[in-house]
Structures are given as C-alpha cells and as structure tokens.
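The values are calculated or read from the model by the stated rules, or taken from the named source; none is laboratory data. Everything quoted here is computed from the prediction, not taken from an experiment. Note: ideal-geometry Cβ built from the backbone for every residue, glycine included; neighbour counts use all protein chains shown. Protein only, heavy atoms only, side chains kept; ligands, DNA and RNA dropped before computing areas. Shrake-Rupley method; radii C 1.70, N 1.55, O 1.52, S 1.80 Å.
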Amino acid sequence: QARQKLNDELLALEQQNQQDWLDLQEEGTQKKLARIDADYDRQKAEIEKKARELAELNRKAGVTDTNAAEQQTEIDRANTLAEDTREKERTAVYREEAVAMRDYLKEYGSYQQQKLAIAEEYAEKIRRAQSEGERLSLEKERDSAVNRLELSAIRQQIDWGNVFGNFGVM
C-alpha cells in the first residue's frame, strides 16, 4: 500500500509537470494534440486507480467472480470510451488544420490548388447536405466559384499592355 501511494504521488507530480509544460507552450496544433494526450493519460491513470481500489475492496469483501467480471467489463468499457474520446478529439484537431490549409490555398494557392480547395470544400458541404435542394444549391455554388476562378485566371494571363499599348496612338 505504501508503494502504491508513492506511485500515485509520483504520477500526480508527473501530470502536474506535464500540465505546467503545456501551459508554457505556444498555441498551435502540437499543443492541442499534447493536451489531448495528457487528458487521455490522466483518464487512464484514474481508471487504473479505480480498478486497483475495486480489486482491493473485492479482496476485503470476498466478492464472487461474477461481480468482479462485471466490474472488469465496466473498466474495459471506460478504457474504450477514453480511447474513443481521444481519437475523436485528435480527428477534430486534424480536420481543423486541414480546413485552415484549404482556406489558405483557396486564397493564396496556385490556380490548381485554388480549384482543388474549392472542390474539396464543396464536396464536404454537399456530403453534409440535409436535403436534395440544399445539395443542388451547393453544386451550383461550387460551379459558380470554379467559373469565377477560371475567369480570374484568364484575365491574369492576358497581356493588357500589348492589347491597349498602342491605343493612345490611334
């Protein structure tokens, strides 16, 4: 018990140090991912501690294997939920990063990058559309955005100096 208490104290100190380190980091994707992992580690430690406490209580109370099996099932479920939560949060961070990059490329990328960013954005919106009318409307918006981009690219390729250069002489 004394060894377990020392291990718990050490774990608490490690978690506090990790939290302090995270607080010092600059905001960004890496900090968000590190915070998600720290939260996951904290949840895992709490689940392990609860499992040890239940095992000790079972031992003292002389609980049957049936009750211990039910407890283990719930502990396994808690571990699975913690893992699922971590994956969901990590996916959200990566999705946010992808959206930011797509917005950047849509504004400042090359012609092909802009066209791809528009196509990806509208593909995602169309996939999440609730009705057929909304889907059709989004398809028209996508076509319109691509046409504006193509028109802009054509205008940039025209050498306006040569086209109107001698206009004043005429």
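Mean separation of Cα pairs under 8 Å and 6 or more residues apart, divided by the residue count, gives region 1-131 a relative contact order of 21 percent.
In region 91-152, carbon and sulfur make up what percent of the accessible area (probe 1.4 Å)? Ligands and nucleic acids excluded, carbon and sulfur reach 52 percent. Please list the helices of the chain that count as membrane-span-like by this rule: a mean Kyte-Doolittle hydropathy of at least 1.6 together with Cα atoms stretching 30 Å or more along the helix axis, each helix being a complete DSSP H run. None pass (Cα extent of 30 Å or more, hydropathy at least 1.6). Applying both filters, DSSP loop and at most 11 other Cβ atoms within 10 Å, to the chymotrypsin sites (Phe, Trp or Tyr not before Pro) of region 67-170 gives F167. Accessible surface calculations at 1.4 Å, restricted to protein heavy atoms, place region 39-170 at 77 Å² per residue. Of the options [x] 8, 19, 19, 16, 14, 11, 7, 3, 2, 1, 0; [y] 9, 25, 24, 19, 15, 7, 1; [z] 10, 33, 31, 17, 7, 2, 0, only one is P(r) over Cα pairs in 10 Å bins from 0, in percent as computed from these coordinates, and that is [x].
Using the Cβ-Cβ distance between K44 and D103 with R0 set to 35 Å, the FRET efficiency from 1/(1 + (r/R0)^6) comes to roughly 0.50. Here's the picture: a label point sits 7 Å out from the Cα of A78 along the beta-carbon direction, and within region 1-41 the residues with their amide nitrogen under 14 Å of it are 41.
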